[in-house]
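K.L.:
Pasting in a structure now, in structure tokens, and then I'll have a few things to ask.
The values are calculated or read from the model by the stated rules, or taken from the named source; none is laboratory data. If you're wondering where the values come from, they're calculated on a predicted model, not measured in any experiment. With ideal geometry, Cβ positions are generated from the backbone for all residues, glycine too; neighbour counts draw on all protein chains shown. These area figures cover heavy atoms from the full protein model, side chains too; ligands, DNA and RNA do not enter into them. Shrake-Rupley method; radii C 1.70, N 1.55, O 1.52, S 1.80 Å.
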Amino acid sequence: MLPLELRVQAAIGVAGDTMPLDTSAAPSSAPFVRWGTAFADSRLLQLFLLGSVLLCAPSYAAWFRTPFDIGRIEFDPWLAVLSSPWPGQVAHAIGFAVLGILYVAIARRSVQLPRWYAPAVWIIFFVAVPWMSPDVMYYLSKGWIEAGYGQNPYTSSVAAVPNFEQDPMFYSMVPSLLHLRGNYGALFQKLSALLANLADGDPLRGLLLFKMVMSAALFGCYRLVRVVAAQAHVAVEDLDKWFLLNPLLLFNFVTAAHNDVLLMLLILAGVVLLHRQQFLLAGSAIGLSIGFKIAGIFLLPAYAITTVMTSGWTPSRRRLAAAAIGVLAGAGAGFLVDPSSSSFFKAILLHEANGFRSSIHMLLSPLVRGMNLPGSPDSLLIGKCVFVAAALHLHCANWRQYRHEPFQFLVVCSFETFVLLQFLVMPAMAEWYILWPLCFALCCPGSAARQWCRRITVLYMPIAIWHVVGIPQLVMFAQLSIVGFLFVSHAGYFMRSRVAAS
């Protein structure tokens, strides 16, 4: 069947006294086009699968190391086979970049994924050991302090455990974290203790348990993103490729089992419940997310405005009260599980970082110190003030644009709030934090947020390989590169979205 334009032109002529268009030869080339497209699509899928294997396979041998010591080979993907981790880091930086490019090519094309394809990719990443960011072994260690030794993780560290060097669960942790006290919410700490107890002190079994929990939570986020996108009236036909094949997500949450995925699972659940007008449960989901990490607090203004937008101010008072009670109940439940976790929240809210990593404060802090301002305000305070002002402006602008689409307003505000929070407030920026805005980016109307997603996926991981461990000059260059890359990506999004809005 010819496109409509060609059929119309063939029927009436292109212009004036032009003869009708001869289209007799057009269909003959269609099979070759289809075959060529199918061949290119299959090659893309094959290359992505092969790239995933080449990226992850070097770490598979770590499962058989005795003792199991992945924390001591951090950022060495070739497991100390060579005298220097340098060749492995170069290979994996190139591998992540190539895999990101293939991912974008697949996501942007009308490639049909076989049913087995996404599960096969997930298995490849699941079997890999988190050689780059083994924070999961810290989760297990803090859980084992409580489950195995009966100590309070918020007042005690691994280094305070007698003869901790002889415990296999502690041996695999990154040594630089030995003196760190609990720095996550009480709900996550209890989950860590439960999984450490189920592992019975075996680090391999504990790692597998954490991988299963976080992989299931990531798949849950995928299902909820589909629902949120539908609620916001955003097309979701290609979401399988955008989410399930994203190498940044696969490595950080299927391979490395970072806990941010639990935070996002509850936040997305809150959005879904809010759309269903279950305001008490929606608030409770946000409140419970604070029991893992505190980031959900920054979405409360958008949640409250959306609650009002759904039915007007007068009938919304009861809904706002229900949502507020839910937030307090959820946050209170997380606090009452272990009241000593209040030290975690105090440290987060009042913490003044001793050092910055891959954040705008690397540049802002020396500038502020050189200005000798009265009261000696630090860069974190300035960043928070700018964040509040910018977030207020964006909420007002989004309200004007999406006041007739409450859940598009909520999705866009959530995405932009997380983008601003990470760039202006956080003293250290890690690759797994990208999940926060990325879940909402895939639900945003228009193409600007997905363009941001493409840039982040292709370029973030190759740079992140260098921003923690290595030659000091190279580490500093990588961290500054991340700051510049984030600025360009965020600025590009805001420029595209505002142009589209106007």
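K.L.:
Within region 127-150, how many residues turn out to be under 30 Å from residue 46 (Cα atoms) and surrounded by fewer than 18 Cβ atoms within 10 Å (Cβ to Cβ)?
P.N.:
Final tally of qualifying residues: 1.
K.L.:
So which of 492, 484 ends up being open to solvent by less than 70 Å² (accessible area, probe 1.4 Å), farther than 22 Å from residue 87 by Cβ and without any contact (Cβ under 8 Å) to a residue 12 or more places away in the chain?
P.N.:
484
K.L.:
Can you find a residue in region 209-218 that is open to solvent by 20 Å² or more (accessible area, probe 1.4 Å), over 28 Å from residue 328 (Cα atoms) and either within 11 Å of the chain's Cα centre (by Cα) or modelled with pLDDT of 95 or more (or both)?
P.N.:
yes
K.L.:
I would also like to ask the following. In region 282-328, which residues are more than 25 Å from the chain's Cα centre (by Cα), open to solvent by 60 Å² or more (accessible area, probe 1.4 Å) and not polar (S, T, N, Q)?
P.N.:
Matches in region 282-328: 313, 315, 317, 318, 325, 328.
One line per residue, one yes/no per condition, for (1) touching a strand residue (DSSP E or B) at 6+ places or on another chain (Cβ under 9 Å); (2) at pLDDT 85 or above; (3) outside any helix (DSSP H, G or I); (4) over 30 Å from residue 169 (Cβ atoms):
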site: 17; (1), (2), (3), (4): no, no, yes, yes
site: 33; (1), (2), (3), (4): no, no, no, yes
site: 36; (1), (2), (3), (4): no, no, no, yes
site: 72; (1), (2), (3), (4): no, no, no, no
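K.L.:
In this structure, is residue 244 without any contact (Cβ under 8 Å) to a residue 24 or more places away in the chain and open to solvent by 10 Å² or more (accessible area, probe 1.4 Å)?
P.N.:
So residue 244 does not fit the description; no.
K.L.:
Return yes when residue 466 is over 17 Å from the mean Cα position of the chain (by Cα) and either on the phi > 0 side of the Ramachandran plot or surrounded by 19 or more Cβ atoms within 10 Å (Cβ to Cβ) (or both) and no when it is not.
P.N.:
Against the criterion (over 17 Å from the mean Cα position of the chain (by Cα) and either on the phi > 0 side of the Ramachandran plot or surrounded by 19 or more Cβ atoms within 10 Å (Cβ to Cβ) (or both)), residue 466 qualifies.
K.L.:
If you don't mind, there's one more thing I want to ask. Mind listing whichever residues of region 427-439 are under 13 Å from the mean Cα position of the chain (by Cα) and touching a residue at least 60 places away in the same chain (Cβ under 8 Å)?
P.N.:
Matches in region 427-439: 429, 430, 431, 432, 433, 434, 435, 436, 438, 439.
K.L.:
Give the residue, chosen from 168, 153, that is touching a helix residue (DSSP H, G or I) at 6+ places or on another chain (Cβ under 7 Å) and crowded, with 20+ Cβ neighbours inside 10 Å.
P.N.:
Among 168, 153, only 153 is touching a helix residue (DSSP H, G or I) at 6+ places or on another chain (Cβ under 7 Å) and crowded, with 20+ Cβ neighbours inside 10 Å.
Rundown of residues vs (1) modelled with pLDDT of 80 or more; (2) under 23 Å from residue 409 (Cβ atoms); (3) among the aromatic types (Phe, Trp, Tyr), yes/no style:
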| site | (1), (2), (3) |
| --- | --- |
| 284 | yes, yes, no |
| 289 | yes, yes, no |
| 311 | no, yes, no |
| 326 | yes, yes, no |
| 334 | no, no, no |
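K.L.:
Which of the following residues is out of contact with any Cys (no Cβ under 6 Å at 6 or more places or on another chain), farther than 16 Å from residue 436 by Cα and hydrophobic (A, V, I, L, M, F, W, C): 282, 257, 269, 232?
P.N.:
Of 282, 257, 269, 232, the one residue that is out of contact with any Cys (no Cβ under 6 Å at 6 or more places or on another chain), farther than 16 Å from residue 436 by Cα and hydrophobic (A, V, I, L, M, F, W, C) is 282.
K.L.:
Looking only at region 156-165, how many residues end up being of a type outside the set (Gly, Ala, Ser), part of a helix (DSSP H, G or I) and surrounded by fewer than 17 Cβ atoms within 10 Å (Cβ to Cβ)?
P.N.:
1
K.L.:
What about residue 48, is it open to solvent by less than 60 Å² (accessible area, probe 1.4 Å), part of a loop (DSSP other than H, G, I, E, B) and not basic (Lys, Arg)?
P.N.:
no
K.L.:
Look through 273, 266, 224 and report the one residue that is in contact with a Leu (Cβ under 8 Å, 6 or more places away or on another chain) and either buried (at least 22 other Cβ atoms within 10 Å of the Cβ) or among the aromatic types (Phe, Trp, Tyr) (or both).
P.N.:
Going through 273, 266, 224 in turn, just one is in contact with a Leu (Cβ under 8 Å, 6 or more places away or on another chain) and either buried (at least 22 other Cβ atoms within 10 Å of the Cβ) or among the aromatic types (Phe, Trp, Tyr) (or both): 266.
K.L.:
Go through (1) of a type in the set (A, V, I, L, M); (2) open to solvent by 50 Å² or more (accessible area, probe 1.4 Å); (3) modelled with pLDDT of 65 or more one by one and return the number of the condition residue 93 breaks.
P.N.:
(2)
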